[in-house]
Amino acid sequence: MHAHQKRDYIEEKVSVTVLECWLGDRAIPEKDCNEGIKNGTLKWADDGSLVAPQTAKTTVYHTATSSSSAKASTASSSEAKIVVSSKAVSSSKAVSSSKEAASSKTPVVPAVIQASTSKPGGGSGVSKEFPDGQLDCSDFPSEYGAIPVDWLNLGGWASVQKPNEKALAGYNDIMSVTKAQCSKGNCCIEDSFCSYACPEGYMKYQWPPTQGATGQSIGGLYCKNGKLHLSNPSVKTLCAPGSQNINVYVKNTLSQNVAICRTNYPGDEKMSIPTDAQPGTTKKLACPDSSTFYQWQGKGTSAQYYINMPGYSVEKACVWGNQGDDFGNFSPGNLGVGWSGGRAWLSITANHPSQMTAKLPYTIELVGGNTKCRYKDGQYCGGDNYGDCSSEGCTVSSSGGDITYVIS
């Protein structure tokens, strides 16, 4: 979580416990499982499960518990911001995140130019009412605005969460489904919540009224008796636009694309919701209205967009990364966007403490706010003449109109 003088924020700390670890057809003790990850005899595969290199495949089931605290400053927006580490167990692509300072001595993989190959399907019919309880759980709802995130290997879904326990306080023992748990290509399994991406300028508006008992967020359509159901039936569509009081854009003037990845929230809270800002294009960013968007424990939330090195495709960047990466949860910077208290609050911040080494090699300037805010050469400067600088971030606000993040 990044905090600076004009924003409220919510800090989440999530611990992860491995419930059972299977190697081949036999269970192995948790201690051995953890030690294998640590010493390299077990490693994470692309589908989110564990594998023993050159040997058998391992499937791991997780549960996340969370303790949270809120801190207030002078801003009128609350912001759910997940900052992660990659400890041996909690760095799994199948689990929620935990907050931990990353060492500045950790080597960072240098930026490698990679052309974006993303050509997402779906997104049509974004204003169509969803036929509640009629589509099979195996059918990804691309005709109702949902955009598949195919590189996550979940049948297009951004996350699939299966709570195994429901108490008065909410859901517990929430399993994040991986490719290993998919059945014949269907990953939206029975009694699970299946999250999805929406077109640019839109946000997912389906989440259940019952959330995680200890602060975990849950979002998406609900799979029951083999059919997809609205989890927030007061909204008849899958996606809805952000605040209509403000237009937020990102304009890329570089010769390479810039992948911008929003947190899948509510959901598994990984930065997997893509916006691919191609050279010379302007894209719209959804600005959540805290009075109508998802509320975490009664507090309004905003959107976090992780911004990456030039040339990285969304397939490379919009994923759960590992220590040493400079993308995903270890991307160098964040764009914070939200509407609260009659104003938009927009920020450019460093992704500290997760990323302490890599720096974005371009300039980002917020144009259209009540003051100046610019990132350049590792410094975040505001004030009338960009004279107020720090290594952490800067913020602007606006009561309406257009605001643009200009990348140059």
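A few comments on the model shown:
- Only residues that are in a strand (DSSP E or B) and out of contact with any Cys (no Cβ under 6 Å at 6 or more places or on another chain) were counted across the range 377-401, and they come to 7.
- Among the conditions (1) part of a loop (DSSP other than H, G, I, E, B); (2) open to solvent by 10 Å² or more (accessible area, probe 1.4 Å), the only one that R374 does not satisfy is (1).
- Annotation note: of C318, C394, C381, C389, the sole residue that is among the hydrophobic types (A, V, I, L, M, F, W, C), more than 20 Å from the chain's Cα centre (by Cα) and surrounded by 24 or more Cβ atoms within 10 Å (Cβ to Cβ) is C394.
- Number of the exception - T404 against (1) within 27 Å of the chain's Cα centre (by Cα); (2) in a strand (DSSP E or B); (3) without any contact (Cβ under 8 Å) to a residue 60 or more places away in the chain: (3)
- Residues satisfying the stated conditions in the range 342-356, i.e. surrounded by 24 or more Cβ atoms within 10 Å (Cβ to Cβ) and over 17 Å from T371 (Cα atoms): N351, S354, Q355
- Summed over the range 258-307, the residues that are in a strand (DSSP E or B) and either open to solvent by less than 10 Å² (accessible area, probe 1.4 Å) or closer than 18 Å to G220 by Cα (or both) give a count of 16.
- With respect to the conditions (1) touching a Lys or Arg at 6+ places or on another chain (Cβ under 7 Å); (2) free of Cβ contacts under 8 Å to residues at least 60 places away in the same chain, P209 falls short on a single one, namely (1).
- Single unsatisfied condition, L228 versus (1) within 25 Å of F293 (Cβ to Cβ); (2) open to solvent by 20 Å² or more (accessible area, probe 1.4 Å); (3) over 18 Å from the mean Cα position of the chain (by Cα): (2)
- G133 vs. criteria out of contact with any Cys (no Cβ under 8 Å at 6 or more places or on another chain), at pLDDT below 95 and over 19 Å from Y265 (Cα atoms): no
- Candidates are the residues of the range 144-178 that are in contact with a Cys (Cβ under 7 Å, 6 or more places away or on another chain) and outside any loop (DSSP other than H, G, I, E, B); the one that is most open to solvent (accessible area, probe 1.4 Å) is I147.
- Residue within the range 358-369 that is over 16 Å from the mean Cα position of the chain (by Cα), under 19 Å from N264 (Cβ atoms) and not acidic (D, E) present: no
The values are calculated or read from the model by the stated rules, or taken from the named source; none is laboratory data. Values in this document were obtained by computation on a predicted structure and should not be read as measured data. Ideal geometry is used to build each Cβ from the backbone, glycine not excepted, and the neighbour counts take in all protein chains shown. Just so you know, the surface numbers come from the protein's heavy atoms only, side chains and all, with ligands and any DNA or RNA stripped out. Shrake-Rupley method; radii C 1.70, N 1.55, O 1.52, S 1.80 Å.
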